[in-house]
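Everything below concerns the one structure shown next.
The values are calculated or read from the model by the stated rules, or taken from the named source; none is laboratory data. Keep in mind that this is a model prediction, so the values were computed, not measured. No Cβ is skipped: glycine too gets one built from the backbone with ideal geometry, and neighbour counts run over all protein chains shown. The area values use the complete protein model at the heavy-atom level, side chains included, leaving out ligands, DNA and RNA. Shrake-Rupley method; radii C 1.70, N 1.55, O 1.52, S 1.80 Å.
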Amino acid sequence: MELLHLRYFVAVAEELNFSAAARKLHMAASPLSQRIKDLEHELGRPLFDRSTHHVALTDAGTALLPIARDVLDRVGSIRWRLDQATHAARSTVFVGIPAGVHPVLRERLTVLAERVSGRFEVKRWPGTTTDLVAAVKDGRLALTLARLPVQEASLDTLHVMSERLGAVVPADRFEGRKSVKLADLTDLAYAKSPEEIMPAYFEQLDRQLRELGIKKRIQLSNTGYQGTSEIVSGGLGFSVSMLDEDSSMRGYQLDNMAVLPFEDFRAQLDTGLLWRRDRASGGDIEEIVAVAKEVFAEPIVK
């Protein structure tokens, strides 16, 4: 049995969906299913009840889940425990920061760095929410800002910001408009950014839009947020992004683009600050987490 087998098992157990777990693990569903079968064969019992409509844990799977999480948490703590045992008087810690984080949150990170500068040197590390959360779990990052929801049992989450979302539309088609209704968008395709860079919330948003009548889709790949902007600017579709003009996401805006509030639909993106619970409770980052809770105490609403 390898640690990867346990990581795969925990991912499927948390998602109860092989396709969703595979996306979370950045792999295809077929090899993931085979690895789970290998683990079941080695343990001599089924871990999941599978059908065409659902996946559920068996009694053995339910019993294994806390054991597997504990093993992975212990392995993930090796790096920070070693650092703690050999740390210098002033330690360097890395804080994850996903793309498009609002400038106000960046300002608060600066305040945090200043307040703990006697004990820690705080460095920022970019990435997608999925990758940053994984880096916190295995000890490479001390904390991270992340787009919510994030479901990780070993992590604590502090909600730090809510940003209202609007429709990003071709400006020439909505000239003079101050807002839009979903009915105004049904003849446009919803332009989806590549799955690997999109927060999990946007999967929920995509399902909501489909249920409310937005049926057309353009799924981009091998491009960033700039690719979505090209689709909207060219009049081929619309996307969804932050309404606040101070949002960093406005940096991706091109000519012939406008961001308008929805009249009949409310969407918002929440951001949290996450850390490993065991590292903050008597661990090596207890001090910086305590200060972070003070600096980010009041959630920001934009």
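Key figures for this structure:
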| item | result |
| --- | --- |
| Pairs from Lys24/Lys123; Lys24/Lys215; Lys37/Lys137; Lys37/Lys216; Lys24/Lys181; Lys24/Lys192 whose Cα-Cα separation, in the structure shown, is over 29 Å | Lys37/Lys216; Lys24/Lys181 |
| Distance histogram for region 20-130 (every C-alpha pair counted, 5 angstrom bins, percent rounded to whole numbers) | 2, 8, 11, 15, 14, 11, 11, 10, 9, 7, 2, 0 |
| Normalised convex hull volume, region 174-235, alpha-carbon set, Å³ per residue | 96 |
| Most mobile listed residue (Leu236, Leu269, Leu148) in the chain, GNM with C-alpha springs under 10 Å | Leu236 |
| Summed side-chain charge close to Arg173 - residues other than Arg173 whose Cβ falls under 13 Å, Lys, Arg +1, Asp, Glu -1 | -3 |
| Environment charge of Phe9, counting only residues whose C-beta is closer than 12 Å and scoring Lys/Arg +1, Asp/Glu -1 | -2 |
| Cα-based Kirkwood hydrodynamic radius, region 3-83, one decimal, Å | 13.1 |
| Cut-off 19 Å, label 7 Å out along Cα→Cβ of His53, residues of region 1-43 by amide N | 16-19 |
| C-alpha center-to-center spacing [region 20-99, region 231-302] in angstrom | 27 |
| Derived scalar couplings ³J(HN,Hα) [region 10-16; Karplus, 6.51 cos²θ - 1.76 cosθ + 1.60; whole Hz; x for Gly, Pro] | 5, 4, 5, 5, 7, 8, 6 |
| Over region 163-268, volume per residue of the alpha carbon convex hull, in Å³ | 92 |
| 3J(HN,Hα) from dihedral phi, region 168-174, Karplus parametrisation 6.51/-1.76/1.60, rounded to Hz, x for glycine, proline | 9, 10, x, 5, 5, 7, 10 |
| Accessible surface of Leu243 - all protein chains present, 1.4 Å probe, nearest 10 Å² | 40 |
| Area accessible to solvent at Val291, 1.4 Å probe radius, in Å² | 20 |
| Region 166-227 - accessible surface per residue (Å², probe 1.4 Å) | 53 |
| Amide H contacts under 5 Å for Phe48, placed H, 5+ residues apart | Thr58 |
| If the convex hull is drawn through the Cα atoms of the chain, its volume per residue in Å³ | 143 |
